[in-house]
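J.: Input: one structure, supplied below.
The values are calculated or read from the model by the stated rules, or taken from the named source; none is laboratory data. Since the model is a prediction, treat every value here as computed from it, not as a measurement. Neighbour counts are summed over all protein chains in view; Cβ atoms, including those assigned to glycine, are modelled from backbone coordinates with ideal geometry.
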Amino acid sequence: MPGKPQIAIVGAGRLGSALSLALAKAGYRVNEIISRDTLGSQKRAREIARSTRSFSTTLKTANLDSDLIWFCVPDREIAVAARALIRSAEWKGKVVFHSSGALASDELNVLRRRGAAVASVHPMMTFVRGSIPSLKGVAFALEGDARAARVARRVTRDLGGEAFPISKANKIAYHAWGGFSSPLLVAMLATAEQVASAAGLSAIEARKIMLPIVRQTLANYSALGPAGAFSGPIVRGDVPIVRQHLRTLNRIPGAKEVYIALARAALRYLPARNRKELKKLLAR
């Protein structure tokens, strides 16, 4: 395989778009963007193709003359899309990736049996509509065939990221870790907005006021670790204040449950005074 293989991207969603742009910027030739046959998917594929000077095709019209085929579709569609493309190319000698964080490379077994080297290559990054993140410094979890893994390490290095190995048995735990790192963090911040509303602030005001402390907390976590970044009434063992928090949160749907779950996690993993008294309070 050449130093920079030509690539086809299967999937015109947020990940496919960000990955295509990053690959093109890194000097890779993206030959085609392969979408579903729906009008919306084809429109997105054409937009990505224009940005990367490639062609947009569908699962029915795909050329698949690339060295590397990268599936960027939802987890439940990986095996389905692979089966749909099985007769569209000679797979022997090709390298095929998918980017599920939860599923193993075995989702591509139909192509592996045809001679392709396959791997799961998942970036630990969030992709949402309206934002295209940089992949520099991003870790990619890698599992699969040796030949595909070699190509994956080279590609991720060119993207400015770094691949690390993950076993099939550990992928679900890895994916849950990612859930804590981004979507559940957002859920906690959304809950914080509801608490701010009880304090008389709008959601927009709450976000503006929270951002400096959130950013500083992340900076402290990065520099000092979780124990060094932990502050507030629990680390001080201030039982009366925590009791008042719980009373106030009773009138905000869901907030008390989130507070108790996070406070219990703090008592389990982080420094705290009056630990026994706090545990009793949370249990009540």
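J.: Right, ARG236: modelled with pLDDT of 95 or more, touching a Gly at 6+ places or on another chain (Cβ under 6 Å) and basic (Lys, Arg) or not?
T.: no
J.: Further question: Conditions: (1) crowded, with 17+ Cβ neighbours inside 10 Å; (2) among the aliphatic types (A, V, I, L, M); (3) not in a loop (DSSP other than H, G, I, E, B). ALA169 meets all but one. Number of the miss?
T.: Failed condition: (1).
J.: Related question: I need the full set of residues from the stretch 57-76 which are surrounded by fewer than 21 Cβ atoms within 10 Å (Cβ to Cβ) and more than 26 Å from ARG147 (Cα to Cα), in order please.
T.: THR58, LYS60, THR61
J.: Looking at the structure I just gave you, is PHE71 among the aromatic types (Phe, Trp, Tyr) and in contact with a Gly (Cβ under 8 Å, 6 or more places away or on another chain)?
T.: Judged against the criteria, PHE71 is a match.
J.: Among the residues of the stretch 119-128, is any within 16 Å of SER182 (Cα to Cα), free of Cβ contacts under 8 Å to residues at least 12 places away in the same chain and surrounded by fewer than 22 Cβ atoms within 10 Å (Cβ to Cβ)?
T.: Within the stretch 119-128, none of the residues are within 16 Å of SER182 (Cα to Cα), free of Cβ contacts under 8 Å to residues at least 12 places away in the same chain and surrounded by fewer than 22 Cβ atoms within 10 Å (Cβ to Cβ).
J.: Taking the conditions exactly as written (part of a strand (DSSP E or B) and hydroxyl-bearing (Ser, Thr, Tyr)), does THR61 satisfy them or not?
T.: In short, no.
J.: Could you tell me which of the residues ALA255, ALA229, ALA263 is surrounded by 13 or more Cβ atoms within 10 Å (Cβ to Cβ), within 24 Å of SER182 (Cα to Cα) and in contact (Cβ under 8 Å) with a residue 60 or more places away in the chain?
T.: ALA255
J.: Determine the pairs where a residue that is within 14 Å of SER105 (Cβ to Cβ), located within the stretch 147-172, has a partner that is among the aromatic types (Phe, Trp, Tyr) with Cβ atoms under 6 Å apart, the partner being 6 or more residues away or on another chain.
T.: From the stretch 147-172, the pairs are ALA163/PHE140; ILE166/TYR174.
J.: Quick one: count up the residues across the stretch 129-144 that are surrounded by fewer than 18 Cβ atoms within 10 Å (Cβ to Cβ) and at negative phi.
T.: 8
J.: Now for a different question. For the condition small (Gly, Ala, Ser) and either within 23 Å of ARG150 (Cβ to Cβ) or touching a residue at least 24 places away in the same chain (Cβ under 8 Å) (or both), what is the one hit in ALA49, ALA26?
T.: ALA26
J.: Can you tell me which residue is surrounded by the fewest Cβ atoms within 10 Å (Cβ to Cβ) among those in the stretch 78-106 that are in contact (Cβ under 8 Å) with a residue 40 or more places away in the chain and in a helix (DSSP H, G or I)?
T.: Result: ASP106.
J.: Take ALA152 and tell me if it is at pLDDT 95 or above, on the phi < 0 side of the Ramachandran plot, surrounded by fewer than 19 Cβ atoms within 10 Å (Cβ to Cβ) and among the small types (Gly, Ala, Ser).
T.: no
J.: Right, something else. Taking the condition of being surrounded by fewer than 17 Cβ atoms within 10 Å (Cβ to Cβ) and either among the hydroxyl-bearing types (Ser, Thr, Tyr) or closer than 16 Å to THR61 by Cα (or both), how many residues in the stretch 12-41 meet it?
T.: Residues that pass the stated criteria total 3.
J.: Determine whether ARG44 is in the same structural domain as GLU107 (by TED's automatic domain parsing), under 16 Å from LYS94 (Cα atoms) and out of contact with any Asp or Glu (no Cβ under 8 Å at 6 or more places or on another chain).
T.: Here the answer is no, as ARG44 does not meet what is asked.
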